[in-house]
Amino acid sequence: MAAPSAGTYAMRVRYANPEQSAATHYNPDPLARHADISVNGAAAQRVLFPHTFHDNNFWELTVPVRLAKGANTVRFSAAELPNFDGVTYASETFPGILLRSQYAP
């Protein structure tokens with residue numbers, strides 16, 4: 001992703017996490033999946049993606065990332081990643097007022 005200047009940006013990730021362990025009627029026991037997110041090969045930060053209860057139920061999660069000016073490479077890795085829909089973008093307003101990027105759908 002490209003950044004107009006170096007700094008901290010709010011990266012919004014749209015995901016689904018249907019993972020669930022065996023449950024009873026009163027305790028669904030949802031499991032959070034995680035992703036190790038790194039920018040430009042730097043040390044990764046582990047981010048938990050809470051349960052969304054269905055494959056087609058997408059939520060958004062905001063992750064602060066440090067971007068360099070220009071092109072940046074953001075890498076997501078884990079044994080079992082949540083389902084991402086590709087609508088991930090960085091807002092130019094973080095850590096000020098949290099607004100969607102002007103380029104977001």
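The values are calculated or read from the model by the stated rules, or taken from the named source; none is laboratory data. Note that the structure is a prediction, hence the values are computed from the model and not measured. A quick note on method: Cβ atoms are made from the backbone with ideal geometry, for glycine too, and the neighbour counts reach across all protein chains shown.
None of ARG46, ARG12 is at pLDDT 85 or above, surrounded by 14 or more Cβ atoms within 10 Å (Cβ to Cβ), of a type in the set (D, E, K, R) and assigned to a strand (DSSP E or B) except ARG12. Among the conditions (1) outside any strand (DSSP E or B); (2) modelled with pLDDT of 60 or more; (3) surrounded by 14 or more Cβ atoms within 10 Å (Cβ to Cβ), the only one that PHE94 does not satisfy is (2).
Restricting attention to the stretch 49-77, which residues are farther than 17 Å from TYR9 by Cβ and not in a strand (DSSP E or B)?
Once the filter is applied, which keeps residues that are farther than 17 Å from TYR9 by Cβ and not in a strand (DSSP E or B), the stretch 49-77 yields PRO50, HIS51, THR52, PHE53, HIS54, ASP55, ASN56, ASN57, PHE58.
Listed by first and then second residue, the pairs linking a residue in the stretch 43-72 that is under 10 Å from ALA16 (Cβ atoms) and among the charged types (D, E, K, R) to a residue that is surrounded by 11 or more Cβ atoms within 10 Å (Cβ to Cβ) and at pLDDT below 90, with Cβ atoms under 7 Å apart and 6 or more places separating them unless they lie on different chains, are ASP55/ALA16; ASP55/PRO18; ASP55/ASN83.
On the basis of being modelled with pLDDT of 90 or more and either touching a Ser or Thr at 6+ places or on another chain (Cβ under 9 Å) or under 22 Å from PHE84 (Cβ atoms) (or both), does ASN40 make the cut? Walk me through how you get there before you give the answer.
Details: modelled with pLDDT of 90 or more: yes; either touching a Ser or Thr at 6+ places or on another chain (Cβ under 9 Å) or under 22 Å from PHE84 (Cβ atoms) (or both): yes.
When the stated conditions are applied, ASN40 passes them.
For ASP85, the conditions (1) surrounded by 16 or more Cβ atoms within 10 Å (Cβ to Cβ); (2) at pLDDT below 80 all hold with the exception of (1).
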